[in-house]
1. Any residue at all in segment 492-501 that is under 20 Å from residue 117 (Cα atoms) and touching a Pro at 6+ places or on another chain (Cβ under 9 Å)?
2. Can you confirm whether segment 425-436 contains a residue that is basic (Lys, Arg), part of a helix (DSSP H, G or I) and buried (at least 21 other Cβ atoms within 10 Å of the Cβ)?
3. Just to check your reading of the model, which residue among 147, 97 is at pLDDT below 95, of a type outside the set (S, T, N, Q) and more than 21 Å from residue 339 (Cβ to Cβ)?
4. Taking the stated definitions as given, is residue 61 crowded, with 16+ Cβ neighbours inside 10 Å, among the β-branched types (Val, Ile, Thr) and within 26 Å of residue 187 (Cβ to Cβ)?
5. Can you tell me how many residues in segment 397-425 are over 17 Å from residue 357 (Cβ atoms) and touching a helix residue (DSSP H, G or I) at 6+ places or on another chain (Cβ under 6 Å)?
6. Quickly run through segment 150-184 and pick out the residues that are farther than 26 Å from residue 373 by Cα, in a loop (DSSP other than H, G, I, E, B) and modelled with pLDDT of 95 or more.
7. Scan the helices (runs of 4 or more DSSP H) fully inside segment 313-388 and keep the ones with 1 or more residues being at pLDDT 95 or above.
8. For a quick check of your reading of the model, give me the residue pairs whose first member lies in segment 257-280 and is over 20 Å from residue 74 (Cα atoms) and touching a residue at least 40 places away in the same chain (Cβ under 8 Å), whose second is surrounded by fewer than 17 Cβ atoms within 10 Å (Cβ to Cβ) and of a type in the set (Gly, Ala, Ser), with beta-carbon atoms closer than 9 Å and at least 6 apart or on different chains.
Amino acid sequence: MGILYLTRHLLPCAETITLGSTEETELPCLQTVVIDGPSLVYDVYHRLLACMSPACDILDVQPTCNEVSRGVVIFLHRLAIQGVDVKQICFDGALPLSKRSTRLSRIEKSRSRLEACRRQSFAMRKECRREMSSDVISSAIWRSRSLPTRWKNLPENPFMVSAVFEDLIHRWNKTSIQHEFDFELACLPDAEYPWSNITIMVPGEADVGCARVTKMTGAAILTSDSDLLVHDLGLNGSVAFLNTLQLIEESQENSTATELRAQRISPADLCRRLGIPNIQRFAFELSRNPQAPFNELLRLAKEYDEGEESSSEYVEFLREYREDHSLNMKKDVLISRQMDPRVSELFWQYELPDTYSETPPFHVYLGLLHEDHSRRCAWEQARAYRSLGYALLDLSRPENQRSGSIHEFVRRGTRVVAEQVTLPGEKSVMSTLKYLQQRLNIARGVFQGYSLSDFWFLFAFSEVYEEISSTATIPSAKKLESFLGKGYMGNSGADWADIHLLAQVQAVLYSLRMLQQFILITAATYDIGLYRNMLEDLPPLYLLMRPRGEIIGGFSEKETCRRAVQQLVQNYG
């Protein structure tokens, strides 16, 4: 998550390198890399956001899961073209206790940005943004451009890291790549799913997995996280920063030569040049003196007393960079591949409570949805389904390891709070599973003839509609028809009411996805019988979290749209 100002101090000491082999450069070449998965996802996201058309408004500008996922594939394909060997792509499976305060401060920062975003004025538009083509995405991710001021308050897409992890393992085979992109496939690894076997969710931080691979192989880490410089990367390990990547194209006599350049720091080499014992000392002094100038930090790192090596403050600082939380990697990698990062984090709190949680209740951090900050948090929807999933995990453990309740970190008004969710007992779990199965059976009868993605959207939509019908003034059938067919309920175009309604639907869909995964990972230790298959046709995340412009495609015909609304009102109103 980064030590404040570490990159600012050390990046001027970086060297320019080229990724892959080329005969046309005198720069050092990186042949092998390990990728910090979340860093890559966020880097692609911000590059896409920076290149959005100025005609977009704040309601539609956020890059989608599908756009980001395609951007990641374009990036990985370029590495393959350049001849770069990707050893591993690591994702966070859980963050240690030491990162909890940093995590909460970042969630609060996202909340305040959402609040500021809500205050921004915008022109109501009747057209939804079209999803970016692969050619536009390809151009955007190799272009370095600062973010327009009016979009700096936009919180990031809370589902994109989960979606990319899932897609790299289960979606992007050579058939789907060829269908989506105009790519030469010969440069890709031989496997049908080129990146599935190298994509892992580390039982801990992605940093730990990246550092381990780098120390073993000498590969460079592609990341945006300066913390990785402080890990033990061995004598040959290095860090190349994603935000410095540039694709250089040079015209030659009969062709165009391309070169992929970045800024790299090799900690062992840098320490020799600066005359300091290690990067850890420099980073430690910076953590104690964030405002100190570079030369002062250098002096402190050089002049430290050797007795300080064993000081409690220094030992505590090094703890998160020296502990290997990724225990039993071979045993755990299979189950980790089934899990969403938020599900994984709760799982590891049960497995290793001393590392990932102080005492029960354990905690779940739900991302900040793109919602109306002035309204009740959209995560209030479908809490019963999330609670059911948490309870399945809890009941699958021995009695002395159960939590009994879970803390969900969510937005409440203008704060981020830990809301306690009391977990149902075994009898209540089975009755709730039966209730959900009945609701799904009814919905499958009501919403016949729709695509799988449209069915699940309508089911989630009906869950939201049924709840608001008992607590508030419900939208008229005409407004619902307008939302499904056009993407907005009002006469003048989209506004925050439409965005909030979509966020509520997304909250239901993601809660069902969490429940589906809890059912899968507890199947061997807690038998729920036939209910274990009731969510098996839930689509992947990039389809569940479609933007408004994609959703209305399934209801573009007036008769289809009108029929869906009639079914909704008659059965759930």
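1. Yes, some residue in segment 492-501 is under 20 Å from residue 117 (Cα atoms) and touching a Pro at 6+ places or on another chain (Cβ under 9 Å).
2. no
3. Criteria check complete, one pass: 147.
4. Judged against the criteria, residue 61 is not a match.
5. Residues that pass the stated criteria total 4.
6. Of everything in segment 150-184, those that are farther than 26 Å from residue 373 by Cα, in a loop (DSSP other than H, G, I, E, B) and modelled with pLDDT of 95 or more turn out to be 171, 172, 173, 181.
7. 341-351
8. Taking only residues 6 or more apart or on different chains, the pairs are 279/268.
The values are calculated or read from the model by the stated rules, or taken from the named source; none is laboratory data. This structure is a prediction, so every number in the text was calculated from the model and none was measured. FYI the Cβ positions are ideal-geometry reconstructions off the backbone, even for glycines, and counts take in every protein chain you see.
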